[in-house]
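Asker: Mind having a look at this structure? Questions to follow.
The values are calculated or read from the model by the stated rules, or taken from the named source; none is laboratory data. This one's a predicted model, so the numbers in the text were calculated from it and none came from an experiment. Quick reminder, even Gly has a Cβ in these numbers, built from the backbone with ideal geometry, and neighbours come from all protein chains shown.
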Amino acid sequence: MKTLFAKTAFAALLLGAACVAQAADVPRTPSPAGAEVYIISPKDGATVNGTFKVQFGLKGMGVAPAGVDVPETGHHHLLIDVKDQPDMSAPLPTTDNIRHFGKGQTETELNLTPGQHTLQLLVGDKNHVPLNPVVESQKITITVK
Ligand SMILES: [Cu+2]
């Protein structure tokens, strides 16, 4: 009985280690040469109403929903007021500040508090992992009325 317990515990330990290794080794999708993401609107420095539309632009690659394996595609992530870059070697978390557009959307409507905010787009692959090299837009600053 004691031996069985020890074996089970050992197996559980191995399984745990395997999961950790997998999380750290998510393969990154190479980005197509010349791929570029940018915010069509609003423009950098713009003043907008509390509710406003953000339009996403992408050149040199296509948009596909998350989970769909099509070469040279990805989906948009909008980083709102994100100061430190997220971990680029892991799936992006979903938070109020990191929004996923996993259905392949190319625009969204935001509602932000009055004041200054930053917006940045970051393309992720089918597993929400940023491409390599990273395809991200310029970070723009806007003022909400
Ligand atoms: Cu995503």
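Asker: Sort through 45, 50, 62 and tell me the only one that's at pLDDT 95 or above and more than 18 Å from residue 143 (Cβ to Cβ). Spell out how you get there, then give the answer.
Answerer: Working: 45 fails: more than 18 Å from residue 143 (Cβ to Cβ); 50 fails: more than 18 Å from residue 143 (Cβ to Cβ).
Unique residue meeting the criteria: 62.
Asker: Please find, among 112, 92, the residue that is crowded, with 17+ Cβ neighbours inside 10 Å, modelled with pLDDT of 95 or more and more than 16 Å from the ligand (Cβ to nearest atom).
Answerer: Working: 92 fails: more than 16 Å from the ligand (Cβ to nearest atom).
Just one listed residue meets the conditions, 112.
Asker: Would you call residue 142 more than 23 Å from residue 30 (Cβ to Cβ), buried (at least 16 other Cβ atoms within 10 Å of the Cβ) and in contact (Cβ under 8 Å) with a residue 12 or more places away in the chain? Working first, answer last.
Answerer: Values: more than 23 Å from residue 30 (Cβ to Cβ): yes; buried (at least 16 other Cβ atoms within 10 Å of the Cβ): yes; in contact (Cβ under 8 Å) with a residue 12 or more places away in the chain: yes.
It is true that residue 142 is more than 23 Å from residue 30 (Cβ to Cβ), buried (at least 16 other Cβ atoms within 10 Å of the Cβ) and in contact (Cβ under 8 Å) with a residue 12 or more places away in the chain.
Asker: Just to be sure, is residue 64 under 26 Å from residue 26 (Cα atoms), among the small types (Gly, Ala, Ser) and in contact with a Gly (Cβ under 8 Å, 6 or more places away or on another chain)?
Answerer: Details: under 26 Å from residue 26 (Cα atoms): yes; among the small types (Gly, Ala, Ser): yes; in contact with a Gly (Cβ under 8 Å, 6 or more places away or on another chain): yes.
So residue 64 passes the test.
Asker: Can I ask one more? Does residue 85 satisfy the criteria of being under 15 Å from the mean Cα position of the chain (by Cα) and surrounded by fewer than 18 Cβ atoms within 10 Å (Cβ to Cβ)? Steps first, please.
Answerer: On the way: under 15 Å from the mean Cα position of the chain (by Cα): yes; surrounded by fewer than 18 Cβ atoms within 10 Å (Cβ to Cβ): yes.
Yes.
Asker: Let me ask something else about it. Starting from residues that are polar (S, T, N, Q) and away from the ligand (no atom under 14 Å from the Cβ), keep the ones in the stretch 115-145 and report whichever is farthest from residue 39 (Cα to Cα). Give the steps one after another, and end with the answer.
Answerer: Within the stretch 115-145, the subset polar (S, T, N, Q) is 116, 118, 120, 127, 132, 137-138, 141, 143.
Still in the list and also away from the ligand (no atom under 14 Å from the Cβ): 116, 118, 120, 132, 137-138, 141, 143.
Numbers: 116: 17, 118: 12, 120: 8, 132: 20, 137: 7, 138: 8, 141: 11, 143: 15 Å.
Among those that are polar (S, T, N, Q) and away from the ligand (no atom under 14 Å from the Cβ), it is 132.
Asker: Sticking with this structure for a sec: Output the number of the condition that residue 104 fails; it satisfies all remaining conditions of (1) modelled with pLDDT of 95 or more; (2) loosely packed, with under 11 Cβ neighbours inside 10 Å.
Answerer: Going through the list (1) modelled with pLDDT of 95 or more; (2) loosely packed, with under 11 Cβ neighbours inside 10 Å, residue 104 breaks only (2).
Asker: Here's a follow-up. Mind checking whether some residue in the stretch 57-72 is surrounded by 18 or more Cβ atoms within 10 Å (Cβ to Cβ) and closer than 30 Å to residue 115 by Cβ?
Answerer: Yes: the stretch 57-72 contains one or more residues that are surrounded by 18 or more Cβ atoms within 10 Å (Cβ to Cβ) and closer than 30 Å to residue 115 by Cβ.
Every residue, every condition in (1) of a type in the set (D, E, K, R); (2) within 15 Å of the chain's Cα centre (by Cα), yes or no:
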residue: 60; (1), (2): no, no
residue: 74; (1), (2): no, yes
residue: 81; (1), (2): yes, yes
residue: 98; (1), (2): no, yes
